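Single-structure report; data block below.
The values are calculated or read from the model by the stated rules, or taken from the named source; none is laboratory data. None of these values were measured; they are calculated from a predicted model. All Cβ positions, glycine included, derive from the backbone under ideal geometry; neighbour counts span all protein chains shown. Areas reflect the complete protein model, heavy atoms only, side chains present, ligands, DNA and RNA absent. Shrake-Rupley method; radii C 1.70, N 1.55, O 1.52, S 1.80 Å.
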Amino acid sequence: MDERAQLTGMHFGIEIETVNLCRKDTVEAIQSIIGGTVEHEGGSYDKWRCTAPDGRQWKAVSDASIGRSNAEVVSPILAYPDDVPVLQNIVRAIRKAGGRVNSSCGIHVHVDASTLDGRQLGNLAKIVYKQEPLILHSLNISQGRLETYTRPTEESFINDVNKYRPKNLHQLSCLWYHQSNTDEARLQHYHNSRYHGVNFHSLFYRGTVEFRWFEATLHAGKVKSYIQYCLLLANRARRVKFAASKKRSFNPESAKYDMRVHLLRIGAIGDEYKTMRHFLLENMPGSASHKHTPEPKVA
C-alpha cells in the first residue's frame, strides 16, 4: 500500500515568516518556480502576490512580529502530496534569493477541518494534550514562544471536552471560548485564544485547525515534515472512535522511544515519513529502540 494514500487529498496551507528579503523579491522568487504574474496590492500589510497559471495566489505580506524588512509567505490551499514538491521548490528559491529566518520567525500550518466534526476535533485536542510534553521537546520550542504565540493546550479545555463530548462545531466553540461571548469571539481575527500551539479559533474564522508550534526554517525537508506531522495528527483524530487524554510525563530515559511509538501510532510508517521521523526524533534523549537504557553487561 502507498504510504501516502492515508493523506492523499488532504488540504492544507502554510505561512512561513522570513527576513532579509523584501516582499517584492520574495514573490519574484515564488514566480521563478510557478510562473504567473506578480502584482503589488499594498494595503496595511503591503501585500505582494503571485498569481499562478492555475489561478491560485501566493502572497508575501508584512508582519509586525518580525520587523519591517520581512516577508510572511502565505500559500493558497494546497493538496497532499501533489503540491508538496512545488512548495519545497519555492522554499529553496526563497533561500537562494537571500531569504533567511531568525528566532522571531515562525511557521504556521493550517489543516482543512471541513471533514472533521466536533467529536473528531475533540479527539485531536486530546491526542495533542496527551503527547504535548514530547511534542514541545521534539520541536525545541523556545520558552518565549511558549509563553506568547504558542501556548500549550489548556487543561480546562480538555476537561470540558471530556465532560461535554462535543458533537459539532458550535458545541466545541462554547468550550474553546469558555462559554462566554462565543458568537462575538468567533468573529475576531486576533482573538487572544488563537495564540496556542494548536489554534481552534482558526476553525471558526477560516475553517482550519492552525498548528503554530514550529520555529521557522527554509529547509525544504523540515517544511514537508511539519506538514506531514500535522496532517497525520488530523487524520488520526478522524479515524479513531476515542482518544485518551491523560497527559504523558516526560521521561528523558525513554523520550525518544515514546516519541517513536507516537509517530508510528499516528501512521508515520515507511519511507514516505523517514525524513519526518528523523527530524522529530533528533532532539529527543534516550534510545529509539529501547524504552529503558539496557544495563551494561558484566564481563
Treating the angle as unsigned and between 0 and 90°, give the value, to the nearest 10°, between the Cα long axis of helix 118-138 and the longest Cα principal axis of the chain.
-> 80
State in Å² the accessible area per residue of the chain; use a 1.4 Å probe, count heavy atoms of protein chains only, and round to the nearest integer.
-> 47
When you have a sec, figure out the Kirkwood radius of the stretch 223-281 from all distinct Cα pair distances and drop it here in Å to one decimal?
-> 12.4
Greater than 21 Å apart at Cα, pairs in Lys167/Lys241; Lys126/Lys274; Lys224/Lys274; Lys24/Lys59 | Lys126/Lys274
Using only Cα atoms, locate the centre of the stretch 90-162 and the centre of the stretch 264-290, then give the distance between them in Å, rounded to an integer.
-> 18
Over the stretch 1-118, with every protein chain in place, what whole percent of the accessible area is carbon and sulfur at 1.4 Å, could you tell me?
-> 49
Taking the stretch 1-87, the whole-percent share of alpha-carbon pairs separated by over 14 angstrom is 65
Whole-Hz ³J(HN,Hα) from phi, Karplus 6.51 cos²θ - 1.76 cosθ + 1.60, for the stretch 13-27, glycine and proline x | x, 9, 10, 10, 8, 9, 9, 6, 9, 5, 5, 4, 5, 5, 5
Considering only the chain, percent of DSSP beta bridges that pair antiparallel, nearest 5 | 95
So how many Å³ per residue does the convex hull of the Cα atoms of the stretch 54-139 work out to?
-> 159
With Cα atoms, 0 to 90° folded angle of helix 155-164 axis to the chain main axis | 80
Please give the FRET efficiency for Gln188 paired with Lys274, using the beta carbon to beta carbon distance and R0 = 51 Å, rounded to the nearest 0.05.
-> 0.80
Applied in sequence order to the stretch 167-178, the curve 6.51 cos²θ - 1.76 cosθ + 1.60 (Karplus, θ = phi - 60°) yields integer Hz couplings, x standing for Gly and Pro, of 10, 9, 5, 4, 5, 5, 4, 4, 7, 5, 9, 6
Placing each pseudo-label 7 Å from Cα in the direction of the beta carbon, Cys174 and Val261 end up separated by a distance in nanometres of 3.7
16 Å Cα-Cα reach of Lys130 towards aspartates and glutamates, excluding residues that sit fewer than 8 places from it in its own chain = Glu154, Glu155, Asp160, Asp258
Just the Cα atoms of the chain, one point each, no solvent: what log10 I(q)/I(0) does Debye give at q = 0.09, 0.15 Å⁻¹?
-> -0.46, -1.24
